[in-house]
1. Give me a count of the residues in region 224-235 that are closer than 22 Å to Ser187 by Cβ and away from the ligand (no atom under 16 Å from the Cβ).
2. Could you pull out the residue among Glu164, Glu184 that is over 16 Å from Ser237 (Cβ atoms) and of a type in the set (D, E, K, R)?
3. Restricting to region 160-213, name every residue that is within 30 Å of Asp142 (Cβ to Cβ) and free of Cβ contacts under 8 Å to residues at least 12 places away in the same chain.
4. Of the numbered conditions (1) without any contact (Cβ under 8 Å) to a residue 40 or more places away in the chain; (2) part of a helix (DSSP H, G or I); (3) away from the ligand (no atom under 16 Å from the Cβ), Cys157 satisfies every one except a single condition; which is it?
5. From the residues in region 144-154 that are free of Cβ contacts under 8 Å to residues at least 40 places away in the same chain and loosely packed, with under 13 Cβ neighbours inside 10 Å, which one is nearest to the ligand (Cβ to nearest atom)?
6. Looking at Gly260, Gly234, Gly239 in this structure, which one is on the phi > 0 side of the Ramachandran plot, of a type in the set (Gly, Ala, Ser) and at pLDDT 90 or above?
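The values are calculated or read from the model by the stated rules, or taken from the named source; none is laboratory data. Fair warning: this is a prediction, and the values are worked out from it, not measured in the lab. For neighbour counting, all protein chains shown are included, and Cβ atoms are generated from backbone atoms with ideal geometry for every residue, glycine included.
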Amino acid sequence: MRRRGTRHRCSVTSAGTGSIVADRGTPRACHAECGHRDFGLDEDVELQQIAEQAGRDLETATPQEILRWAVDTFGDRFAIATSMGDGLLAHLASSVASGVQLVFLDTGYHFAETLGTRDAVASSYDVQVRTVLPLLSVTQQDREYGADLWDRDPTLCCAMRKVEPLARALEPFDAWASGVRRDEAVSRRDTRVVEWDAKRQMVKVNPIATWTQADADAYVAANNVLVNLLAYDGYPSIGCAPCTHRVAPGEDPRSGRWSGQAKTECGIHV
Ligand code: SF4
């Protein structure tokens, strides 16, 4: 069970404007001040209701409007996870607020170009980039589980090098964002722009869920957004080096991820 923070934020005002009116530790203490009725719901239930309402209200909103809502609603208890395939989310976030927190999972298996993109994003955009490491180094994992676990049991490897580190990194937050888009995969078609992340018991924001690849490409071009150099070298979807292969023009962009295996997701978004 995720450890819930002690702070509470109201997501609506008595005038229904959607802005935060109080932040007083717990829902009960907050409502005593803001005048909201205290339904006796725990904080996770309130967050779930906020997520589901926002998912409906923001379905046709722009990515900037969705990120603005997230920043206004959660403040410093909101973070964005990025794999540094490009600086798109960082650019969008910095266009609506200063110093939004970004989480980057350094699995120990990244391409040099991906680490370079992280460093360029951190120095170019008004965001705070935090790099999170797995509990075991690659050397320690090889010693305990044998070499090339990614080849023998990629689900276990992803669990230790992506899923657990993200869960740990998101502990201090009430809401997190990803760059998932509906057009990327069948498994992502039902993604809401804001939804309840039941696994982590927190709000998940997907600001570009409704964008197509063409929308993303147009934004990148129009705003001269930093892009991982591998994207120009046959890698439209970039993950860890051992599990990411080039794809031919016109092929499914994600077909280069865990190619030859049934695996299509690392476990973070499912
Ligand atoms: Fe391991 Fe491959 Fe998953 Fe990276 S993508 S964590 S190398 S299995």
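1. Residues that pass the stated criteria total 1.
2. Checking each option against the conditions leaves just Glu164.
3. Once the filter is applied, which keeps residues that are within 30 Å of Asp142 (Cβ to Cβ) and free of Cβ contacts under 8 Å to residues at least 12 places away in the same chain, region 160-213 yields only Lys199.
4. That leaves (3) as the condition not met.
5. Per the criteria, the residue is Arg152.
6. Gly234
Every residue, every condition in (1) touching a helix residue (DSSP H, G or I) at 6+ places or on another chain (Cβ under 8 Å); (2) at pLDDT below 95; (3) of a type outside the set (S, T, N, Q); (4) surrounded by 14 or more Cβ atoms within 10 Å (Cβ to Cβ), yes or no:
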| site | (1), (2), (3), (4) |
| --- | --- |
| Thr26 | yes, yes, no, yes |
| Cys30 | no, yes, yes, yes |
| Glu33 | no, yes, yes, no |
| Glu59 | no, no, yes, no |
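Conditions tested, residue by residue: (1) within 16 Å of the ligand (Cβ to nearest atom); (2) among the hydroxyl-bearing types (Ser, Thr, Tyr); (3) at pLDDT 95 or above; (4) not in a loop (DSSP other than H, G, I, E, B).
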| residue | (1), (2), (3), (4) |
| --- | --- |
| Trp176 | no, no, yes, yes |
| Trp211 | no, no, yes, no |
| Ala218 | no, no, yes, yes |
| Ala222 | no, no, yes, yes |
| Val270 | yes, no, no, no |
